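Engineer: Before I ask anything, let me first share the structure, which is written out below as structure tokens.
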Amino acid sequence: MVEQEPTAGHRLGAPDTLGISTLEAGQKPPAVPSGRRAAVRVRMLDDSEEIFDVSQRASGKVLFEMVCAHLNLIEGDYFGLEFQDHRKMTVWLDLLKPIMKQIRRPKHTVLRFVVKFFPPDHGQLMEELTRYLFALQIRQDLATGRLTCTDSSAALLVSHIIQSEIGDFEETQCRQHLLNNNYIPDQMALMDKIMDFHHTHVGHTPAESDYQLLEVSRRLEMYGIRLHPAKDREGTKLSLAVAHTGVLVFQGHTRINSFNWSKVRKLSFKRKRFLIKLRPDLNSTYQDTLEFVMASRDCCKVFWKICVEYHAFFRLFEEPKPKPKPVLFSRGSSFRFSGRTQKQVMDYVKETEFKKLPFDRKHSRVQYNSALSPLPSPLHSQVPNQVSCKGYSLDFSLSLFLSLSRSIFIYLSILLFLSLFLFLFLSVLICLSLYLFHFSGSFLSPSDGAGLSVSLVNGHRRGDELNATIPSPDGQQPSPLTSPLLNDAGALRTDDEEENRRKRFPTDKAYFIAKELLTTERTYLKDLELITLSVLSKEECVPESLRKLLKSSFEPLHTYHSDFLKELEQRLALWEGRSNAHIKGDYQRIGDVMLKNTQALKMLTAQLQKHAECVGELEKACVASRRLASVCRDFELQKACYVPVNVFILRPLHRLLHYKQILERLCKHYPATQPDFRDSGTVNARSSLLAAALADVSELEAVLRDSMLKTDNYQRLLELQKDLLGVEGLAVPTREFIRLGCLSKLSGKGLQQRMFFLFSDVLLYTSRGITASNQFKVHGQLPLRGMTIRESEDEWGVPHCFTLVTPRQSLVVAASSISEMEKWMEDLKMAVDLAEDCSGPATSLLTNSHDVKSPGEWASEVESEDDLGGSRTSLERHGNSSAHHRGNTTVHVCWHRNTSVSMLDFSIATENQLSGNLLRKFKNSNGWQKLWVVFTNFSLFFYKTHQDEFPLASLPLLGYSVTVPAESENIHKDYVFKLHFKSHIYYFRSESEYSFERYAVCACGQTHTRVLFKNI
């Protein structure tokens, strides 16, 4: 019996609020009313039964939340508890009413935990546990005959079920399993066809099998349908059902009519008659009010209630507020939907970070870790991969107690030894820190960055940096898309240290401009080393011509910039006064070093011109050699490769833009400066040196500009090709990338999130599949030639809505904000003008429809065709080549943050790359922690020091706002800016006013923040 004992969630270390689906984050479950208690039996979807001890005065909500907490279920709003009442009618448990008023004999009543709301797209289900429970529901519906379909569709569904349960196909095992388990009526006749389908699913994990099962099921006509018998006015036997689209009418198992929510004005019932009042439509032949006769008033009321709940859950943005109680008389039912709507559930799961815990797949024999959390937890190492939801037995608890008793002496001995060792270690560390602080001239003490916790970079775990994982200060497990995953163990910096630092170092703006040159040069040289020393220059599969091209392009640059960095470090050391050499001459300048550098760069023009050729040759070689493509893919997954390999290849061209910007800032600074130099004419001499260096860089940049722009566009198309499933020939010289981002597509199913890709000749719209490849599946394309765009918010009643009209079809989409809508409409109009000027024929990017069909699309064809021989899923065909593709690219960040970026944004981000030291502080922490930070590719990458080989964490900036802290935030420090996204807040502090302005401007450019600071 599940009373106040620890649930499965508590045993696994889950917080109290985990699994409470109807409460906001941070709230506690409602207190259980005191009084007499009753034992209520609940049958789960895996056919197990649990007994929950509740107060007789408790509402249905208390019991439902206890079930969700027991399962560690976050998206519990899709489910409900049903039971047979005293009239033998199957009804849903009302969450607002007391349990005992609904269940008269709790000891003899079994409640069933089942799916209540079936969404149109299972991609909207965020959690693997939720999809697993939906798969169990499909399994039940198949076995009971409620989900009817053709033989081929049934065989395909069963094949996915047994793939999840027994794994890859083995004929003897598969046949024996089918003989022992009955999934569908008349299963023996379909055994061969089931085994044929099972043979095609090799390599699918249980989670992928669940996904494919739901993909096939959702296309069936009877998916999620619960029939309610009725008759029309003529006495014809019919059945009514409700779905996310509206009210459906069936004759037998064939749908003969449907009434969309947008057409329904009112639903009501009067005695045995169920009434549907429609909105007036001149083009419709239906009457204003449709009437159906059901078996009894109770049947009418049950169906009316589920219609009200379906409409509220899928159509409303928030839970409807209760009506005020009438003073004297009540008219009509007071029933209302209780709980969160689908939109609220999805927003809640996206905004709140949960620790993803493992769960038990009762029927599965496959060894598979269901805890798909990318974040390691200390608790995960203490529990087995498969965890039972039914609780531990008495024997297990006894054995655990005896084991702990036998080991307690050993644990105490180890603890004593570790305490002694820790004391000695801390003593040595304190002495070393004092020594370093005394002799170091660094921005902060070296111990400041020693507290970085486990992080993800390109999908990799960084678990060897600390002995334990430390959660964020907000008490929630961080996400790779919402936080830098850094703890607050860094050392504190006092105001005395700040004052000493300012006395030791120069305060001239020119010094900080030169320091920016030094810090970015360090990052640039590491990027050069990555390509120069990479496997691309060592692997045998790399063609000799490509190897020579890379070597001749990068080695001279790497050698030169290594010497240039040493010269910069020496000059900055002299400028800071860390030697007495400045007494003998004027070293507080950088113009002479830059002029020497730019003149040497002009000698390397031939090498710089080869980088565009390197990108093209590498792509050709990867297309020709699968092995080389695999090598490049593995190389990009290395921790050191924090951006795509083609971006590293183009770094030397982008570096010219950085040199040009730095020289322009120095030239702008010196003429306005009037220091008391010892030598007359020093300012003029410096200005002339800087002007000459700027002229050299500008000349070199002008020579390479066209090639740089074309190669940047080509590289962007190549990266998008990796993220898209179902297109071919995307990267062609005549096509230009313009914008990508999220829009909501309006259809009969309502608003559905889609990812749009705008090019100079076509607009693609896609959706994200929950597969191993993390790619976006293309649903369709709209040619731009002949397209018109118009605002249609008033027409459809959807905020920020506009319509795309082409000669063949029209598409209604909605943006997340007015600014997003304006950006999309502006870029679309520009793209249409470009397409009109192009005289070439329109080309189709979509691959053969047979090649990109998913199993669900086959199922829809199976309803009319009975031949699926020889077919393979798109995951088998395409998934292997991109199974390890990164899931945190810019496209995926835009999907999660519901925003968009354009090629202009990419260009601005390329120009605004930055490196250097920053102090970071969490919202609820006290101290500041020193980090080495790299701004690039719309992300912040965090290192302990600039000498680290790879970043320890990353923070995508898209969607974040950049502001200065308010007075109420008590950040009484200079040069602090704040990054804010929903509940995630980070403060960053720079060392000077110039550095503050540079970091703030770069952050604004990479987060799309329009409201800049007053002093920038």
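Engineer: Kindly list the number of the only condition in (1) at pLDDT 90 or above; (2) not assigned by TED's automatic domain parsing to the domain that holds residue 199 that fails for residue 101.
Structural biologist: Only one criterion is unmet by residue 101, namely (1).
Engineer: While we're on this one: Select from the range 897-939 the residues that are among the small types (Gly, Ala, Ser), under 20 Å from the mean Cα position of the chain (by Cα) and outside the structural domain of residue 950 (by TED's automatic domain parsing) and list them in ascending order. Outline the logic, then answer.
Structural biologist: Initially, the range 897-939 is screened for residues among the small types (Gly, Ala, Ser), giving 900, 902, 907, 909, 915-916, 925, 927, 939.
Within this subset, residues satisfying the condition of being under 20 Å from the mean Cα position of the chain (by Cα) are 900, 902, 939.
The answer is 900, 902.
Engineer: Scan the range 141-152 residue by residue and report those that are part of a helix (DSSP H, G or I) and surrounded by fewer than 19 Cβ atoms within 10 Å (Cβ to Cβ).
Structural biologist: At the first step, the residues of the range 141-152 found to be part of a helix (DSSP H, G or I) are 141-144, 151-152.
Those that are part of a helix (DSSP H, G or I) and surrounded by fewer than 19 Cβ atoms within 10 Å (Cβ to Cβ): 143, 144, 151.
Engineer: Are any residues in the range 526-563 among the hydrophobic types (A, V, I, L, M, F, W, C), under 18 Å from residue 947 (Cβ atoms) and surrounded by 17 or more Cβ atoms within 10 Å (Cβ to Cβ), and if so, which ones? Write out each step before concluding.
Structural biologist: From the range 526-563, those among the hydrophobic types (A, V, I, L, M, F, W, C) are 528, 530-531, 533, 535-536, 541-542, 546, 549-550, 554, 557; that's our starting set.
Next cut, under 18 Å from residue 947 (Cβ atoms) only: 528, 530, 533.
Hits for the range 526-563 are 528, 530.
This table checks each residue for (1) modelled with pLDDT under 90; (2) surrounded by 15 or more Cβ atoms within 10 Å (Cβ to Cβ); (3) within 22 Å of residue 79 (Cα to Cα); (4) assigned by TED's automatic domain parsing to the domain that holds residue 76.
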position	(1), (2), (3), (4)
139	no, yes, yes, no
154	no, yes, no, no
158	no, yes, no, no
161	no, yes, yes, no
168	yes, no, no, no
171	yes, no, no, no
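Engineer: Conditions: (1) touching a Lys or Arg at 6+ places or on another chain (Cβ under 6 Å); (2) modelled with pLDDT of 90 or more; (3) among the aromatic types (Phe, Trp, Tyr). Residue 942 meets all but one. Number of the miss?
Structural biologist: (1) is the only condition that residue 942 fails.
Engineer: Of these, 712, 706, 723, which one is over 18 Å from residue 835 (Cα atoms) and without any contact (Cβ under 8 Å) to a residue 24 or more places away in the chain?
Structural biologist: Details: 712 fails: without any contact (Cβ under 8 Å) to a residue 24 or more places away in the chain; 723 fails: without any contact (Cβ under 8 Å) to a residue 24 or more places away in the chain.
Result: 706 is the single residue among 712, 706, 723 that is over 18 Å from residue 835 (Cα atoms) and without any contact (Cβ under 8 Å) to a residue 24 or more places away in the chain.
Engineer: Report those strands (runs of 3 or more DSSP E) wholly inside the range 887-988 carrying at least 2 residues which are in contact (Cβ under 8 Å) with a residue 60 or more places away in the chain.
Structural biologist: Values: elements: 900-902, 914-922, 929-936, 939-943, 953-956, 961-963, 976-981.
Once the strands (runs of 3 or more DSSP E) in the range 887-988 are filtered for at least 2 residues that are in contact (Cβ under 8 Å) with a residue 60 or more places away in the chain, what remains is 900-902, 914-922, 929-936, 939-943, 953-956.
Engineer: So residue 754 ticks every box in (1) of a type in the set (D, E, K, R); (2) part of a helix (DSSP H, G or I); (3) surrounded by 20 or more Cβ atoms within 10 Å (Cβ to Cβ) but one. Which box is left unticked?
Structural biologist: So residue 754 meets the others, but not (2).
Engineer: Okay, moving on. Show the residue pairs meeting these rules: Cβ distance below 6 Å; 6+ apart or different chains; first residue within the range 614-634 and touching a residue at least 24 places away in the same chain (Cβ under 8 Å); second residue basic (Lys, Arg).
Structural biologist: No pair meets every condition.
Engineer: If you don't mind, another one. Considering the range 940-970 alone, what residues qualify as being surrounded by fewer than 17 Cβ atoms within 10 Å (Cβ to Cβ) and either assigned by TED's automatic domain parsing to the domain that holds residue 530 or on the phi > 0 side of the Ramachandran plot (or both)?
Structural biologist: 970
The values are calculated or read from the model by the stated rules, or taken from the named source; none is laboratory data. Small disclaimer: the values here were computed from a predicted structure and weren't measured. Please note: Cβ atoms are built from the backbone with ideal geometry, for glycine as well, and neighbour counts cover all protein chains shown.
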